[in-house]
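S.K.: There's a structure below that I have some questions on.
The values are calculated or read from the model by the stated rules, or taken from the named source; none is laboratory data. Being a predicted model, the structure only gives us computed values, none of them experimental. Every residue, glycine among them, receives a Cβ derived from its backbone with ideal geometry; neighbour counts consider all protein chains shown. For the accessible areas, the whole protein counts, side chains as well, though only heavy atoms, and no ligand, DNA or RNA atoms are used. Shrake-Rupley method; radii C 1.70, N 1.55, O 1.52, S 1.80 Å.
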Amino acid sequence: MSEFQKILTDTLSAFEIVLTENQLAQLNQYYELLIEWNEKMNLTALTAPEDVSLKHFADSLLLLRYCDIEKEARVIDVGTGAGFPGMVIKIARPDIQLTLLDSLQKRLGFLDEVCNELGFDDVELIHSRAEDGSRTELRDSFDIAVSRAVASLNTLCEYDMPYVKVGGRFIAMKGKEAREEMSAAENAIHTLGGELLQKHDFILGEAGERSIIEIKKIAATPDAYPRRSKHIKNKPL
């Protein structure tokens with residue numbers, strides 16, 4: 001077992017998360033690729049094994065502990081960056097149908113290599129801005145849309161909820177700012193066809209407070225949304 005695998009195993013044991021030897025090996029390979037590519041482009045400010053294991057991998061995997069994801073669910077990670085949480089979840093739950101969407105082609109190039117090296121030929125990579133992708137056939141087609149550390153909750157709702165089919169969920173992974181953002185996002189959630197389902201709060205070791213917010217899509221998102229990016233940012237719902 002490599003140093004990274006041992007650190008990751010110890011980190012996950014604190015949250016009662018157990019992975020197979022193959023999954024640990026895949027996450028170790030993912031980590032090595034992340035560090036290798038990070039020398040050529042900015043994928044993450046965190047590179048130490050203890051930081052990546054806790055603040056990227058364990059943080060992503062806790063979504064599976066707190067949220068029920070049905071077998072073979074269709075999941076989109078909007079603004080996936082270096083693949084957190086989507087790619088990590090795929091390693092732990094290879095049955096899901098995963099789409100990774102990002103606006104930067106270089107990041108998708110990294111994720112393409114990760115998929116190739118780990119043997120995932122069923123992951124869909126989409127190069128698009130979040131507000132443009134949901135104006136395509138991707139709209140209303142996912143069981144779950146998820147975003148982690150991308151934007152404030154009211155803004156995220158407008159980016160993510162159009163991808164979710166009625167009956168599906170938008171899951172936002174947030175830090176200690178979640179409580180304040182929840183209040184500010186009430187109008188956005190209602191306007192876009194959602195309702196708050198659950199909010200899960202926990203402490204991620206030295207990383208501190210974390211929240212996972214589940215919003216259920218109970219009605220179709222009006223055609224007027226999402227707006228253009230500058231309107232979403234300058235005049236959030």
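S.K.: Using the Cα centre as the reference, give the magnitude of the dipole from point charges on the C-beta atoms of the chain (Lys, Arg: +1; Asp, Glu: -1; all else neutral), rounded to the nearest 20 debye.
M.R.: The calculation lands at about 960 debye.
S.K.: Working with all protein chains in place, sort Tyr225, Tyr66 by solvent-accessible area computed with a 1.4 Å probe, largest first.
M.R.: Highest to lowest solvent-accessible surface, that is Tyr66, Tyr225.
S.K.: For segment 174-237 and segment 1-42, write down the distance between their C-alpha centroids in whole Å.
M.R.: Cα centres, segment 174-237 to segment 1-42: 29 Å.
S.K.: Got a sec? What order do His127, His190 fall in by accessible area at 1.4 Å, biggest, i.e. largest, first?
M.R.: His190, His127
S.K.: Let me spell out the model: positive unit charges on the Cβ of Lys and Arg, negative unit charges on the Cβ of Asp and Glu, origin at the Cα centre of segment 89-129. What dipole size does that give, in debye rounded to 20?
M.R.: Rounded to the nearest 20 debye, it is 260 debye.
S.K.: Here's something else I'd like to know. Among Thr47, Ile144, Ala82, which residue has its Cα furthest toward the positive end of the charge dipole of segment 42-145, with +1 on Lys/Arg Cβ and -1 on Asp/Glu Cβ?
M.R.: Thr47
S.K.: With every protein chain left in place, what is the accessible area of Ser229 in Å² (1.4 Å probe, nearest 10)?
M.R.: Counting only protein heavy atoms, Ser229 exposes about 20 Å² to solvent.
S.K.: Tell me what the chain gives for mean residue ellipticity at 222 nm when only DSSP H runs of n ≥ 4 count, each as -39,500 (n - 2.57), the sum divided by the residue total, rounded to 500 deg cm²/dmol.
M.R.: That comes out to -10500 deg cm²/dmol.
S.K.: Here's a follow-up. Taking the full set of protein chains and a 1.4 angstrom probe, give the accessible area of Asp121 in square angstrom, rounded to the nearest 10.
M.R.: Near enough 150 Å² of accessible area.
S.K.: Tell me which label goes with the value of volume of the Cα convex hull per residue in Å³ computed from the coordinates here: (i) 178; (ii) 156; (iii) 115.
M.R.: (iii)
S.K.: Suppose all protein chains stay in the model; what accessible area per residue would a 1.4 Å probe give for segment 61-111, in Å²?
M.R.: Value for segment 61-111: 32 Å² per residue.
S.K.: I'd like the accessible area for Met41, computed on protein heavy atoms only with a 1.4 Å probe and all protein chains in place. Round to 10 Å², please.
M.R.: The value for Met41 is about 30 Å².
S.K.: Could you check the simple spin-label distance between Lys176 and Arg129, using points 7 Å along Cα→Cβ, in nm with one decimal?
M.R.: For the pair Lys176/Arg129, the computed spacing is 3.4 nm.
S.K.: Let me ask something else about it. Roughly speaking, to the nearest percent, how much of segment 26-77's 1.4 Å accessible area is carbon and sulfur?
M.R.: Carbon with sulfur: 43 percent of the solvent-accessible area.
S.K.: For segment 228-237, in order, what is each residue's ³J(HN,Hα) by Karplus, 6.51 cos²θ - 1.76 cosθ + 1.60 with θ = phi - 60°, in whole Hz (x at glycine and Pro)?
M.R.: With the stated coefficients, segment 228-237 comes to 5, 4, 5, 6, 4, 6, 7, 9, x, 5 Hz.
S.K.: Next question, about the same structure. How high is the FRET efficiency between Glu186 and Ala219 when r is their beta carbon distance and R₀ equals 22 Å, given to the nearest 0.05?
M.R.: That pair, Glu186 with Ala219, gives E of 0.90.
S.K.: How charged is the neighbourhood of Leu33? Take every other residue with its Cβ under 13 Å from the Cβ of Leu33, and add Lys/Arg as +1 and Asp/Glu as -1.
M.R.: -4
S.K.: Efficiency by 1/(1 + (r/R0)^6): what FRET value for Glu195 and Ala25, r their Cβ-Cβ distance, R0 = 41 Å, to the nearest 0.05?
M.R.: Approximately 0.50, to the nearest 0.05.
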